[in-house]
Every structure is written in structure tokens, then in C-alpha cells.
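The values are calculated or read from the model by the stated rules, or taken from the named source; none is laboratory data. Keep in mind it's a predicted model, so treat the numbers as computed, not measured. All Cβ positions, even for glycine, are placed from backbone atoms using ideal geometry, and neighbour counts span all protein chains on display. Each accessible area value is taken on the protein alone, full model and side chains, heavy atoms only, with ligands, DNA and RNA left out. Shrake-Rupley method; radii C 1.70, N 1.55, O 1.52, S 1.80 Å.
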Amino acid sequence: MSNAKNSAYNDAFKDIPGTVIFDATQSRLGFHLNQFCMTLMKDAARQEFRADEAAYLKKFPMTEEQRQAVLDRDYNRMIALGGNIYFLAKIGATDGLSFQKLASTMTGVSEEEYRAMMVAGGRSPDGNRSKSEQQ
Amino acid sequence: MSNAKNSAYNDAFKDIPGTVIFDATQSRLGFHLNQFCMTLMKDAARQEFRADEAAYLKKFPMTEEQRQAVLDRDYNRMIALGGNIYFLAKIGATDGLSFQKLASTMTGVSEEEYRAMMVAGGRSPDGNRSKSEQQ
Amino acid sequence: MAKITAGVATSHVPAIGAALDLGKTQEDYWKPIFDGYEFSKEWIKNEKPDVIILVYNDHASAFSLDLIPTFAIGCAEEFQPADEGWGPRPVPTVKGHSELAWHIAQSAILDEFDMTIVNNMDVDHGLTVPLSLMFGQPEEWPCKIIPLAVNVVQYPPPTGNRCYNLGKAIRKAVESFDADLNVQIWGTGGMSHQLQGPRAGLINKEFDTAFLDGLTKDPQGLAKMPHIDYVREAGSEGIEMVMWLIMRGALNDDIDERYRFYHVPASNCAVGHIILENK
Amino acid sequence: MAKITAGVATSHVPAIGAALDLGKTQEDYWKPIFDGYEFSKEWIKNEKPDVIILVYNDHASAFSLDLIPTFAIGCAEEFQPADEGWGPRPVPTVKGHSELAWHIAQSAILDEFDMTIVNNMDVDHGLTVPLSLMFGQPEEWPCKIIPLAVNVVQYPPPTGNRCYNLGKAIRKAVESFDADLNVQIWGTGGMSHQLQGPRAGLINKEFDTAFLDGLTKDPQGLAKMPHIDYVREAGSEGIEMVMWLIMRGALNDDIDERYRFYHVPASNCAVGHIILENK
Ligand SMILES: [Fe+3]
Ligand SMILES: [Fe+3]
């Protein structure tokens with residue numbers, strides 16, 4: 001049980017819907033997942049990863065759940081398992097995807113729909129400020 | 001002309017005899033000299049350095065004065081040229097010398113004399129606190 | 001003596017850099033954004049700063065989880081654009097002002113800010129996109145740049161109050177530097193945006209507008225805003241705006257708001273930009 | 001709740017580590033030093049700390065001039081002894097307390113200390129020699145260690161006052177950590193020594209004694225001492241003693257001085273050691 005997690009500061013963020021704060025708990029959980037992502041900043045590593053993703057992931061002491069989430073490109077799951085979006089974005093870049101594409105997969109809509117939402121002014125904060133507000 | 005050098009904080013130290021403070025001015029001056037020293041933490045580098053010191057030193061964008069001071073093992077000169085003792089000590093370690101040996105060369109006495117001074121209680125602060133006191 | 005004459009804040013959306021680098025500035029999607037900086041490009045041609053203290057955050061480019069400095073000041077002679085996964089941006093090398101940077105570092109540490117001194121650091125879009133927006137595509141950047149990297153990725157970031165006070169310490173440091181330099185300070189990042197999770201795409205124009213107003217008129221009040229308000233109102237990456245308070249703290253209490261621009265969207269973000277001049 | 005029960009300060013002279021590692025503890029030169037820690041070894045066997053927050057400085061081992069953090073807190077699960085040029089010391093791996101370390105980092109940053117969080121760092125003699133002096137040569141260190149590396153190599157180091165106040169912030173952080181832990185804080189380095197230049201070998205027993213007295217009886221006064229007094233009176237590397245103020249700040253105002261030891265020389269240094277218990 002994390003004490004940092006218990007502090008009022010960290011708890012307050014948990015009221016915000018659809019959002020994971022990259023705090024100490026997440027950072028400790030996702031350390032090896034995120035450090036794996038950092039290796040994708042080199043082209044040789046990206047090629048090696050593409051050639052055999054499962055084998056490449058085995059090189060890092062991640063959990064099996066984390067490896068599976070990477071293989072599935074399940075970004076929300078990766079974030080739940082401690083990934084931070086700036087690190088995870090390097091997987092997206094390796095896949096040649098735009099950031100808007102990644103964002104659309106996390107929000108469960110097509111890239112076109114996501115782009116259209118942004119052009120129309122983006123997601124409104126109304127109804128998205130707190131979990132209680134959503135109920 | 002350095003402004004940091006001009007500040008009262010940095011100037012005050014200049015009154016202390018036989019002492020160079022590793023401030024911004026010294027750090028900028030000695031950057032490549034000190035970073036060269038850091039490379040000596042690896043055994044392969046130490047061997048390469050020993051095999052041809054001049055050639056090894058050419059790999060770093062130091063001044064010729066700095067290179068000569070290294071070749072001469074003139075520690076006081078290296079310090080004047082921006083070296084910091086914790087970095088320079090890696091040259092001494094590469095040479096297989098004790099720290100007391102390095103200290104003795106900086107103080108202009110034999111290692112035996114230096115050791116004897118330390119056993120007798122070390123160098124007294126009296127007469128060594130300020131340059132004006134020494135005159 | 002050196003003097004801070006103006007502050008600039010601007011978003012640093014990476015897609016803006018890509019649009020410029022790929023020659024898309026006249027496309028319908030991007031043109032309004034680049035048009036919004038036309039005033040600023042003219043303004044800075046007249047202002048001719050000698051040095052810019054550029055406050056930004058690294059996005060897992062120079063700093064991984066191995067080491068996370070809260071405030072890192074770049075004291076090197078130069079900084080290379082980082083390879084963020086598609087090769088480095090085709091922009092000039094960033095030339096530092098080593099002597100002033102060290103002077104600020106020393107002054108701030110003696111004023112009890114616990115700076116990390118960095119002499120070897122690549123700089124990512126957080127630093128280079130603002131330069132591109134303000135200077136376009138020159139052969140060389142027209143002035144020296146002191147990078148000041150602030151952690152806003154790993155929680156907790158520094159408080160708004162701490163950022164505001166660091167700005168004040170920077171002002172004091174600059175004013176004690178004995179050279180006739182025209183210094184600007186820039187704050188970058190924001191405005192409202194969220195890049196993660198089901199809430200990605202959040203934009204809050206009302207919050208952003210109030211933030212710009214507060215920056216001009218009530219920075220001390222703004223500095224009291226807790227982190228959660230940034231995240232709740234402006235999205236998880238909206239926290240970057242805390243860095244704008246360093247810029248504001250480095251300016252005089254009394255300033256003129258010279259220019260303001262706001263546009264939605266650039267990729268996932270609200271683009272906000274303001275120019276403040278010391279009276 | 002976790003609680004800081006005691007503070008320990010000690011020199012961390014590398015030659016002491018070498019003497020122990022090479023089996024020289026019974027030689028005439030070294031015996032008085034190791035004898036001076038016999039009390040402390042018994043004391044800590046009874047105290048059984050769960051965690052030690054170990055304040056020390058890196059000596060161009062983990063940190064070169066590429067990056068110099070003022071305060072770096074080690075949040076990793078473990079830390080390897082550094083190779084300082086003769087291979088790593090033959091001592092156990094240092095096991096961290098990642099959760100408490102992160103808790104302290106967060107608490108201190110929110111209290112406006114600009115910590116650098118480190119997850120990958122080798123630890124040099126500055127950290128391992130104090131462990132050897134207090135615990136001898138066990139198979140495993142008997143408790144967890146949180147390394148807190150303070151810059152005292154590149155000027156300027158943090159002020160004494162800043163160090164003292166960081167200690168207070170650490171105390172507050174530990175006391176808000178919800179686990180029943182016996183925590184000690186150690187300050188290391190010093191006492192008087194100078195390793196460079198014609199003044200190398202400087203020792204000032206009067207200063208060192210006064211410093212030990214001040215640490216017990218008047219830490220607030222001691223925290224006001226400017227850097228130049230350390231250097232002038234205690235030698236250029238005597239500045240390391242500024243770190244002892246972090247230890248002192250983390251203790252209660254009211255403490256008992258349990259033990260004191262002082263000896264000259266170990267190699268180039270005065271060896272000083274003190275044990276303070278919270279009342
Ligand atoms: Fe950003
Ligand atoms: Fe030391």
C-alpha cells in the first residue's frame with residue numbers, strides 16, 4: 001500500500017475522470033515499461049522491436065500484463081500499468097502514427113471523429129471536471 | 001571578463017592562500033580537462049591513455065596548456081587551468097598513486113614529509129587563513 | 001547592466017513545428033496559427049533581444065526516469081535539437097550564453113533555489129517550436145538562448161508559487177550581471193490540452209482566457225492556483241502553464257500587455273500566446 | 001507513523017574504506033579510528049534502524065560536469081557501489097526504500113525544495129564508507145538506505161540555511177509516512193580537510209570541535225555560517241560539513257548528544273563523528 005497514494009494531494013486527482021496522474025505510484029509501477037519506450041528513440045532499436053516485438057519486450061523486466069498491453073497497443077491499459085504518455089508516444093512514433101491517432105484510440109473514436117471534435121473546439125470541460133459531476 | 005568572478009561571493013574566496021575554488025569560471029575553463037578525467041574511470045580508457053598519453057589527450061578539445069599540465073602531472077597547474085581535484089584524482093589513480101602522494105606534489109614536499117605533517121596534526125590554519133595574514 | 005525587457009509566452013505544440021518543417025504553413029488548418037504570430041515576428045525584429053531565457057519542459061527526450069531535475073539550467077555553449085523519434089528537427093543549433101547561465105545558476109542557488117546545472121543536453125520541441133514561431137526559419141537563431149527545463153511530467157511539478165518566485169530570483173540575477181544585454185524571458189507549453197486517456201482532447205477556452213488575464217493583471221493570485229485546478233480545468237498537460245509563472249515572475253509587477261493570440265486547435269491543443277513588456 | 005529517532009554524522013574518508021577492505025584495521029595508523037567506532041557499532045545494533053536517509057556527496061563518480069544536481073534523492077530499489085578507478089568496493093549492494101524515498105521527494109517538492117529524483121545511480125565512498133564504519137563488513141547491509149546526494153563539488157553548494165531547512169522538510173515528510181519505521185538520518189563528509197593546492201593538509205581541530213558543539217547546542221546559529229568560513233577555517237573540502245546540517249535539521253530541536261569521536265589524521269583528513277538522539 002502506497003503512502004504517497006494516500007496523501008490528500010494525490011487522492012484529489014483521482015476525482016478527475018478519464019485521467020491518470022503520473023505520480024510516484026504510477027512511476028514506480030511503470031518504470032521498466034517507460035524505460036523500454038526510451039530505447040525506441042534509436043533507429044536500430046526500432047528495427048529490432050519491429051522485427052520481433054515479443055522478443056524485444058522480453059529484454060526488459062516488465063510484467064506480462066505490461067508486455068501484452070504493448071503488443072495490443074492498448075494505450076489506456078499501458079497508462080493504467082504505469083506508462084506515461086510522453087514515453088508511450090515513442091511506440092506510436094515507431095508505428096508511424098500521428099499523435100491524434102493515438103488520442104483517438106484512447107478516446108474510443110476514429111481518428112476522423114477525433115479530429116473533427118478538435119476542430120469544433122475540443123472536448124468541453126463541462127461534465128468532465130469531476131467524477132461526481134458525471135453521475 | 002567574468003561577471004560571476006566579480007561577485008562579492010566569488011571574490012572573497014580569493015583571499016584564501018593556496019586554494020582555488022571550483023566556481024563557474026574554473027568549471028567553464030576546465031570543462032574538457034575534467035571530462036577527460038572522467039573517461040579514466042574505465043579500464044580500457046586507462047590502458048589507451050597509458051599507451052600514448054599525448055594521442056589520447058588530443059581526443060579532447062582541451063588547450064595545449066592543459067594537455068601539457070597533464071603530461072607533466074603538474075596538479076597545481078591543472079587546478080589553475082580549471083581542473084577539479086576529484087576529477088584530477090582519476091589521473092593519479094591511473095598512475096597508481098595514493099592521494100597523499102598527489103597532495104605532497106601539490107605542496108612541494110616528499111610524500112614522507114607530507115605524511116609526517118599529517119600524523120603531527122596536519123597543516124595549521126594559523127597563517128593560512130588569508131593572504132593578508134601571510135604577509 | 002543586463003536587463004529583462006519583455007516576456008513572451010507561447011504553446012510549443014510539436015505538430016506546429018512539423019507543419020513548419022514540412023512547408024504546410026499556408027494550409028487552411030495551419031495558416032491561422034502562423035498568421036497569429038506575424039505581429040510577434042515583426043515585434044521581435046525590432047526588440048532584438050541578445051539573450052532569451054527559455055523556460056520549457058523536456059518531454060522524455062533529454063531526461064528519462066533515470067534522473068528528473070525539477071529545475072535544470074543549461075549552461076553549455078550550445079545545445080543540439082533532440083531526435084524525438086523522427087530525427088532531429090531541421091533547425092539551427094541552439095547557442096547558449098554560458099556565462100550568464102552560470103551567473104543565474106549561482107545567484108539562484110545562493111538565493112536557495114536548488115538548481116540542477118546542465119552542460120550536456122539536447123533540446124526538444126518544447127524549446128525549438130517557440131523559436132520557430134517567433135523567428136521563422138533562419139539559418140541561425142538571431143540570439144543566444146538559455147534553456148531552463150522544468151519538470152512537469154513526473155508528479156509533483158514545482159508549485160506555481162515556487163515558479164513565480166524562481167522568476168523573481170532570475171530577474172535579480174540578470175540585473176546583477178555586468179554586461180549591457182537585452183534579455184527576454186519566455187514561458188512555454190500549454191494552453192489547455194490533455195494527451196492521455198478517455199478525456200484526451202479537452203480544451204477550456206474560458207480557463208485559458210482567465211489565465212492570460214491573470215498573467216497580466218494578477219500574477220500573485222494566479223501563482224496560488226494548485227496543480228489540481230490546472231489538471232481539472234485545462235487537462236492533464238495543461239499543467240505546463242505553471243511554467244509561464246516563471247516568465248511572469250521575472251518581469252516587473254507593472255507590465256504592458258502588448259499582444260495576445262488564441263486559437264483552437266493545433267493537433268490536440270489550444271494555442272495561446274502573449275507578449276508582456278516591462279514598463 | 002515513521003519516525004526519525006537519531007542522527008549520525010561521520011567523515012567518509014575513502015582511505016578508511018580501503019583500510020577496512022584491505023584488512024588493515026589493526027595497524028597502528030588505522031586502529032584508533034576503527035576503535036573510535038566500536039561504541040557506535042554496538043549502539044546501532046541496539047537501535048536497529050529500518051531505514052537510513054544517508055546524506056553524502058558524490059565525488060565525480062555518478063555525476064560528471066554534464067549534470068550537477070544540488071539535491072538528488074535516490075528513489076531506486078537498489079544502488080551499486082561505484083567503480084572509482086580501482087573497481088567497486090567489495091561491499092554489499094545498497095538496498096533503497098523506494099516508497100519512502102518517493103514520499104520524501106514529493107513532500108519536499110511540494111514544500112518548495114527543488115529536488116532531483118534519481119532512479120539510476122552508483123554510490124561512491126561518500127555513502128559506503130559511513131556504512132562500513134557503522135556496520136563493519138556484513139554480507140548484507142542490515143537496513144534500507146535512501147541516498148541523498150548534495151552538490152558540494154561545483155560552487156556554489158547549497159547554503160547552510162538551505163541544508164538545515166531541507167532537514168526540517170525531510171522530518172515533516174518522514175513523519176507523514178504511514179508505516180511504523182525507525183528512521184535515522186546521517187550526515188557525512190568532513191571534518192576539516194583540504195585536498196588541493198599548496199594548502200593541502202589543512203586541519204583545524206578548534207573549528208571542528210566548535211562545529212560539533214554547535215551541531216548539538218546551536219544548529220540555527222551554525223546554519224548561518226557562510227561558505228567562506230568553512231573553506232577558510234576547515235579547508236576547501238571542509239565545505240562538506242554543510243551537509244551535516246541536513247541531518248541536524250531533520251532532528252528535533254532538543255536532542256541528546258550520545259557519543260562523539262575525533263581523530264587526526266586519516267590520510268588527509270580529520271575524522272569526526274557524532275551521534276545525536278531525539279529526546
Ligand atoms: Fe509540452
Ligand atoms: Fe568527501
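Taking a straight Cα-Cα cut-off under 18 Å and skipping sequence neighbours fewer than 8 places away in the same chain, the aspartates and glutamates within cross-link reach of A:LYS131 are A:ASP11, A:ASP15, C:ASP229, C:GLU233.
In Å², nearest 100, what accessible area do chains B and D bury in total when the solvent probe is 1.4 Å?
Details: alone 8360 and 11810 Å², together 16430 Å².
Using a 1.4 Å probe on protein heavy atoms, the buried area is about 3700 Å².
With 10 Å bins beginning at zero, the pair-distance distribution over Cα atoms of the stretch B:21-94 amounts to 22, 60, 17, 1 %. The magnitude of the dipole of the protein assembly as shown, with charges of +1 and -1 set on the Cβ of Lys/Arg and Asp/Glu and taken from the Cα centre, is near 160 debye. Evaluated on chain D, the Kirkwood hydrodynamic radius is 18.3 Å, with distances taken between all distinct Cα atoms.
Here chain B has 53 percent of its accessible surface on carbon and sulfur atoms, given a 1.4 Å probe and all protein chains in place.
Using a 10 Å cut-off on Cβ to Cβ distances, tally the other chain neighbours for every residue of D:189-197 and report the average as a whole number.
Partner-chain Cβ atoms within 10 Å, mean over residues of D:189-197: 6.
Under a Gaussian network description of chain C, with springs only between Cα atoms under 10 Å, the residue in C:PRO219, C:PRO130, C:PRO198 that fluctuates furthest is C:PRO198. Ranked from shortest, the separations from the 7 Å Cα-to-Cβ label point of B:LYS101 to its equivalents in the other copies are 6.2 nm.
Solvent exposure of D:PHE135, expressed as accessible area, is near 40 Å², computed with a probe of 1.4 Å over the protein chains only.
Here's the picture: charge each Lys and Arg Cβ at +1 and each Asp and Glu Cβ at -1 in the stretch B:21-94, and of B:ALA69, B:GLY92, B:MET38 the one pushed furthest to the positive end of that dipole is B:MET38.
The listed residues B:MET38, C:MET191 rank as B:MET38, C:MET191 when sorted by accessible area, largest first, using a 1.4 Å probe. Across the stretch A:42-59, computed HN-Hα scalar couplings (Karplus, 6.51 cos²θ - 1.76 cosθ + 1.60, θ = phi - 60°) run 9, 4, 4, 5, 4, 5, 5, 4, 4, 5, 7, 4, 4, 5, 5, 5, 5, 6 Hz from first to last residue, x flagging Gly and Pro.
For the full complex of protein chains and a 1.4 angstrom probe, list C:HIS263, C:HIS273 by accessible area with the highest value first. Mind showing how you got there, number by number?
Numbers: C:HIS263 40, C:HIS273 0 Å².
So, going from the largest accessible area down, we get C:HIS263, C:HIS273.
Between the C-alpha center of the stretch C:137-210 and that of the stretch D:64-95 there is a gap of 32 Å. Taking 0.692 mPa s as the viscosity and 37 °C as the temperature, the Stokes-Einstein diffusion coefficient of chain B based on its alpha-carbon Kirkwood radius rounds to 201 µm²/s. Scanning chain D for the Cβ atom closest to the axis that brings D onto C yields residue and whole-Å distance D:ASP114, 2.
Treating the beta-carbon of each Lys and Arg as +1 and of each Asp and Glu as -1, no other charges, what is the dipole magnitude of chain C about its Cα centre, to the nearest 20 debye? I would put it at about 460 debye.
Other residues within the sphere of radius under 14 Å centred on the Cβ of C:ILE170, judged by their own Cβ, net out at +2 (K and R +1, D and E -1). The trypsin sites (Lys or Arg not before Pro) of the stretch C:174-253 include none that DSSP puts in a loop with a beta carbon having at most 10 other beta carbons within 10 Å.
So, by mean Cβ neighbours within 10 angstrom, what's the order for A:93-99, D:2-8, D:183-189 with the highest one leading?
Details: A:93-99: 15.9, D:2-8: 22.1, D:183-189: 28.1.
In decreasing order of mean packing, A:93-99, D:2-8, D:183-189 become D:183-189, D:2-8, A:93-99.
What separates the D:THR216 label point from its copies, with the point 7 Å along Cα to Cβ, is 6.3 nm, written shortest first.
Return one whole number: the accessible area per residue of the stretch A:1-97 in Å², for a 1.4 Å probe. The partial results should precede the final answer.
Values: 4010 Å² over 97 residues.
I get 41 Å² per residue for this part.
Across the cross-link table entries D:LYS45/D:LYS168; D:LYS24/D:LYS172; A:LYS58/B:LYS90; C:LYS24/C:LYS205; C:LYS224/D:LYS279, which are compared at the Cα atoms, the separations over 30 Å belong to D:LYS24/D:LYS172; A:LYS58/B:LYS90; C:LYS224/D:LYS279.
Can you tally the net charge around D:GLU38? Count Lys and Arg as +1, Asp and Glu as -1, for every other residue whose Cβ sits under 12 Å from the Cβ of D:GLU38.
Taking every Cβ under 12 Å from that of D:GLU38, the sum is +1.
Note on A:ASP11: accessible area is roughly 70 Å² with a 1.4 Å probe, heavy atoms of protein only. Against the compact-protein benchmark of 2.2 N^0.38 Å, the Cα-based radius of gyration of the stretch D:1-140 scales to 1.11.
Inter-copy label distances at D:GLY87, shortest first and taken from points set 7 Å along Cα to Cβ: 4.7 nm.
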